[in-house]
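Only the coordinates and a few stated rules stand behind these numbers; no lab work does. Treat the numbers as computed from the prediction; the structure is a model and nothing was measured. Reconstructed Cβ throughout: ideal geometry from the backbone, glycine too, with neighbour counts over all protein chains shown.
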Amino acid sequence: MKIVKSLDGTFTAYSENFDECYHNIKDGALSESLKKHVEVAFKFFEKKDDITILDICFGLGYNTFSTLYYLKKENINKKIHIISPEMDKELVQSLKNFSYPKEFDFLKDIIEKISNDFYYEDENIKIEVKIGNARDIIKKIDKKIDIVYQDPFSPKKNPLLWTVEYFKDISKILDYNALITTYSIATPVRLALYEAGFRVYEREIEGLKKQTIASFKSLPFKEINMKEKKRRSSSQPLRDKDVKKI
Ligand SMILES: C[S@@+](CC[C@H](N)C(=O)[O-])C[C@H]1O[C@@H](n2cnc3c(N)ncnc32)[C@H](O)[C@@H]1O
């Protein structure tokens, strides 16, 4: 794993297996995690005391750790359960030595515990890193999910986590009010979300690339007319039968 400094000054890494960085270098690892996933998701669950998050996939753990940072920074006192699949056991085991931003300094013990045991629990927080293939792990989740941080490698490099069938499996474990946050704005991804039953929204973020949000319900973002997009576009949604199993 090669360590890479992203433009907000925080460190990410480059994966040789997937030939891609864990974060968008230009957006910055911490900025991307906070602005594209955590902040926007939590705004919709201000009144809910008990929140379950599916963090796809754990990687360097930025989305999970940014969630804990955000709760502390905003003085939010909620019960949070994070379930995060990750196929790379050695990566998680190495995280206790990763150079995280100073914002995560207060999480040192939690990071070490997760890196050693893939698990952390206290009065309010429960984090489960499930080692294995996300496609299998999702099918076994028996709890309703409120938030999905959809953050695999790109659809080109990690297609099995962006197909219609994958999003249909996700849809089965979501609460009606749930939302999916993702950095991808690719048309095949949006078509796959639509075909899996989601409404698809585009969100502009000051200083960063725009993003996609998906939900069953109406949200105050620019909704994409997916019926029209499907009719006009030459793109096709990704499907399991068209992608190589990795
Ligand atoms: C872009 S990185 C995730 C970055 C992470 N969200 C973070 O904040 O650091 C994608 C991760 O997905 C994992 N991954 C790829 N395919 C997977 C699969 N089918 N099941 C489980 N993990 C997978 C990779 O090992 C990698 O760690």
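Give, as ranges by residue number, the residues of segment 81-105 whose backbone N falls under 15 Å from the point 7 Å along Cα→Cβ of LYS143.
81-85
Once phi is turned into ³J(HN,Hα) by the Karplus curve 6.51 cos²θ - 1.76 cosθ + 1.60 with θ = phi - 60°, what whole-Hz value does each residue of segment 126-138 show in order, with x for glycine and proline?
10, 10, 10, 8, 9, 7, x, 7, 3, 4, 7, 5, 4
Rounded if a/c is under 1.5, else prolate if a/b is larger than b/c, else oblate: which is segment 60-113, with a ≥ b ≥ c the root eigenvalues of its Cα gyration tensor? Intermediate values should be presented prior to the final figure.
On the way: a/c = 2.45, a/b = 1.44, b/c = 1.70.
Oblate shape, in that a/c is at least 1.5 and b/c is the bigger or equal ratio.
Label segment 30-242 by shape, choosing from rounded, prolate and oblate, from the square roots a ≥ b ≥ c of the eigenvalues of the Cα gyration tensor; if a/c is under 1.5 it is rounded, and otherwise prolate applies when a/b is larger than b/c, oblate when it is not. Before the final figure, lay out each step's value.
Details: a/c = 1.74, a/b = 1.47, b/c = 1.18.
It is prolate, given that a/c is not under 1.5 and a/b is the larger ratio.
Does segment 5-90 classify as rounded, prolate or oblate by the C-alpha gyration tensor (a ≥ b ≥ c root eigenvalues; a/c under 1.5 gives rounded; else a/b over b/c gives prolate, otherwise oblate)? Could you put the intermediate results ahead of the total?
Values: a/c = 2.63, a/b = 1.57, b/c = 1.68.
It comes out oblate by the Cα gyration axes.
Quick one: which residues, 5 or more positions from ALA13 or on another chain, have an amide H under 5 Å from its amide H? H modelled 1.01 Å from N in the peptide plane, none for Pro or chain starts.
VAL4, TYR22, HIS23
Over the chain, what is the relative contact order in percent, taking alpha-carbon pairs closer than 8 angstrom and at least six residues apart? Before the final figure, lay out each step's value.
Working: 446 pairs, mean separation 40.6, N = 246.
Relative contact order of the chain: 17 percent.
Amide H of SER184 versus every other amide H placed in the peptide plane: which residues, excluding those fewer than 5 positions away on the same chain, fall under 5 Å?
THR212
Taking 0.36 nm per residue of sequence separation and subtracting the Cα-Cα distance, how much length would be gained by fully extending the chain between ASP175 and ASP19, in nm to one decimal?
Details: separation 156, 0.36 × 156 = 56.16 nm, distance 3.43 nm.
Here the segment from ASP175 to ASP19 would lengthen by 52.7 nm.
Could you work out how much longer the chain between LYS126 and LYS227 gets when fully extended? Use 0.36 nm per residue separation minus the Cα distance between them, nm to one decimal.
Details: separation 101, 0.36 × 101 = 36.36 nm, distance 3.93 nm.
Going from the current span to full extension adds 32.4 nm.
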